[in-house]
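Have a look at the structure below before the remarks.
What follows is calculated from the coordinates using simple rules that are stated; it is not laboratory data. From a predicted model like this one, the values you see are computed outputs, not experimental measurements. As a convention, Cβ positions derive from the backbone with ideal geometry for all residues, glycine included, and neighbour counts pool all protein chains shown.
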Amino acid sequence: QVQLVESGGGLVQPGGSLRLSCVVSSGSFSTFTVGWYRQAPGKPRYKIAHITGGGATVYVDSVKGRFTISRDNAKQMVYLQMNSLKPEDTAVYYCNVIAAMGPFGSWGQGTQVTVSS
């Protein structure tokens, strides 16, 4: 089972930035597509970005131009650089590995991001 651990969340003012990190425990990391998800209180979890093993990236419209997903295969890490944060970005952020059927790793605890003045 692929294990994932997220970190880097916190409290930030609107317009601020945060960088989230995700460490993936798998020997096949470099071949995996990895996604970042978020879940706001009372709402379902959904994917906001993903990066393929080849480095191609996809974003939902609400974060496009503000968030950047990247990966370091040597460290088995995936990052989410979040700029120009808005209160509506407040959520618990998770990462997971993705196959055709959807995410298949063990969900971690996530990391809380709170955007508030």
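Some observations on this one:
- Hull shadow area, averaged, the stretch 34-117 [alpha-carbon convex hull, nm²]: 6.1
- Highest average packing first - 4-11, 81-88, Cβ atoms within 10 Å: 4-11, 81-88
- Projected label distance in nm at K43 and S17, using a 7 Å step from Cα toward the beta-carbon: 2.4
- Estimated FRET transfer efficiency (T52, T114; beta-carbon r; R0 22 Å; 0.05): 0.15
- Amide H contacts under 5 Å for V58: H50, restricted to partners 5 or more places along the chain or on a different chain, H placed in the peptide plane at 1.01 Å from N.
- The simple spin-label model puts a point 7 Å past each Cα toward its Cβ; for T31 and F104 those points are separated by 1.0 nm.
- Dipole magnitude of the stretch 51-117, debye to nearest 20 (Cβ charges: Lys/Arg +1, Asp/Glu -1, about Cα centre): 120
- If the convex hull is drawn through the Cα atoms of the stretch 6-60, its volume per residue in Å³: 114
- Local net charge near I98, Cβ-Cβ under 14 Å (Lys/Arg +1, Asp/Glu -1): +3
- Protection-proxy order for peptides 89-98, 37-46, each taking the mean of Cβ atoms within 10 Å per residue, highest first: 89-98, 37-46
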